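The values are calculated or read from the model by the stated rules, or taken from the named source; none is laboratory data. All figures in this text were calculated on a predicted structure; none of them were measured in a lab. Cβ placement follows ideal geometry from the backbone for every residue including glycine, while neighbour counts extend to all protein chains displayed.
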Amino acid sequence: MSVRLTQYAHGGGCACKIPPGELEAVVGGLTGAKPKNAVGELLVGLDDGDDAAALRIAGNVALIATTDFFTPVVDDPYDWGRIAAANALSDVYAMGGTPVVAVNLLGWPREVLPFELAAEVLRGGLDVCGEAGCHLAGGHSVDDPEPKYGLAVTGTADPDRLLRNDSGRAGVPLTLTKPLGVGVLNSRHKATGERFEQAIAVMTTLNREASLAALAAGAVCATDVTGFGLLGHLHKLARASGVTARLDPGAVPYLDGAREALREGHVSGGTRRNLDWVRPHADLSRIGEDEALLLADAQTSGGLLVAGEVPGHPVIGELIAPTGHTIVVG
């Protein structure tokens, strides 16, 4: 039985996230609430929309907690499982941590799609967790009209060496550790069924080595680039840090075929919403609409955006003193 999983979902991958502006309005009232008799010290919570929560549970140990799941981004169930797992683990790496244990999150249309496909999705997640040295133990499933998969992940980190999105400082370069273009290629895949090996390779690559390299280089500020696109995540980082990001569009790397997919109109609604959200806060006057869409392209399991120079990866800009915009492109 040949099944195109992407046809069973209204969106795909991180492009199916709730738009950032709407999401911030929903969670805005949740900050500042403190539990009674709390265990540990909350180091990173909801305040700046960082990649994961961080809690000091001992003098030199921080607990990292995160979850991520989404609808199919590719048709192959094993690849989808690998991509979703790598994407969920990325939040821990983006905080400078090491994933320790994860549990599965599975939504499955049990009367529509065979469970043999679900088993392949779970096998993909298991293999990537094994590559990461992270235990995968159990999880939860629901009968869902759309297939969804991801992980809830717990990791550990040094509380004094966290990579946070609010620690950027003017005068520091910006490094991107994976090329952009996953979103438009995935949209083309959903529309045509073409398989893009270069996109799958990027999405299934763990951000572990990039995270270790960033820490070794002395970085203290980072985030990963996923559903809100490079512009969206850079806006959040600059806003949280109280600086402006100057971005050199000519230095940003792209996957082969990304510009062609854009020209053919394979742009997700999530990408357009990303650009609409960032536009009031960014100076985009030096670039055209197509370039802006690529910079806002909703990524799935993208790379790390690091405030600092990471050997082996391109510097795409720098953080500067605030100018009234969070981002200046060009």
> Going by the structure shown, is Ala245 outside the structural domain of Gly150 (by TED's automatic domain parsing), surrounded by fewer than 24 Cβ atoms within 10 Å (Cβ to Cβ) and on the phi < 0 side of the Ramachandran plot?
Replying inline: no
>> Only one of Ala65, Ala38, Ala88 is part of a strand (DSSP E or B), farther than 26 Å from Thr192 by Cα and of a type outside the set (Lys, Arg). Can you tell me which?
In response: Ala65
>> Given (1) over 20 Å from Val61 (Cα atoms); (2) in contact (Cβ under 8 Å) with a residue 24 or more places away in the chain; (3) within 17 Å of the chain's Cα centre (by Cα), identify the lone condition not met by Ala137.
In response: (3)
> Here are some conditions: (1) surrounded by fewer than 19 Cβ atoms within 10 Å (Cβ to Cβ); (2) in a strand (DSSP E or B); (3) of a type outside the set (Gly, Ala, Ser). Asp276 meets all but one. Which one does it not meet?
Replying inline: (2)
>> Need pairs with beta-carbon distance below 8 Å; first residue under 22 Å from Asp224 (Cβ atoms) and within segment 50-67, second part of a loop (DSSP other than H, G, I, E, B) and among the polar types (S, T, N, Q); sequence gap 6+ or separate chains.
In response: Asp50/Asn165; Asp51/Asn165
> Do we find that Arg110 is assigned to a loop (DSSP other than H, G, I, E, B) and within 18 Å of Pro72 (Cα to Cα) in this structure?
Replying inline: yes
>> If the requirement is being closer than 25 Å to Leu89 by Cβ and part of a loop (DSSP other than H, G, I, E, B), which of these qualifies: Ser301, Ser285?
In response: Ser301
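Conditions (1) assigned by TED's automatic domain parsing to the domain that holds Thr192; (2) surrounded by 20 or more Cβ atoms within 10 Å (Cβ to Cβ); (3) at pLDDT below 95; (4) in contact with a helix residue (DSSP H, G or I) (Cβ under 8 Å, 6 or more places away or on another chain), marked per residue:
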{"position": "Ile57", "(1), (2), (3), (4)": "no, no, yes, no"}
{"position": "Leu63", "(1), (2), (3), (4)": "no, yes, no, no"}
{"position": "Thr67", "(1), (2), (3), (4)": "no, no, no, yes"}
{"position": "Asp75", "(1), (2), (3), (4)": "no, no, no, yes"}
{"position": "Ile83", "(1), (2), (3), (4)": "no, yes, no, yes"}
{"position": "Ala86", "(1), (2), (3), (4)": "no, yes, no, yes"}
{"position": "Leu89", "(1), (2), (3), (4)": "no, yes, no, yes"}
{"position": "Asn104", "(1), (2), (3), (4)": "no, yes, no, yes"}
> Within segment 165-210, how many residues turn out to be touching a Pro at 6+ places or on another chain (Cβ under 9 Å) and in a strand (DSSP E or B)?
Replying inline: 3
>> Suppose we keep only residues that are surrounded by 17 or more Cβ atoms within 10 Å (Cβ to Cβ) and in a loop (DSSP other than H, G, I, E, B) within segment 315-330. Which one would you say is farthest from the chain's Cα centre (by Cα)?
In response: His325
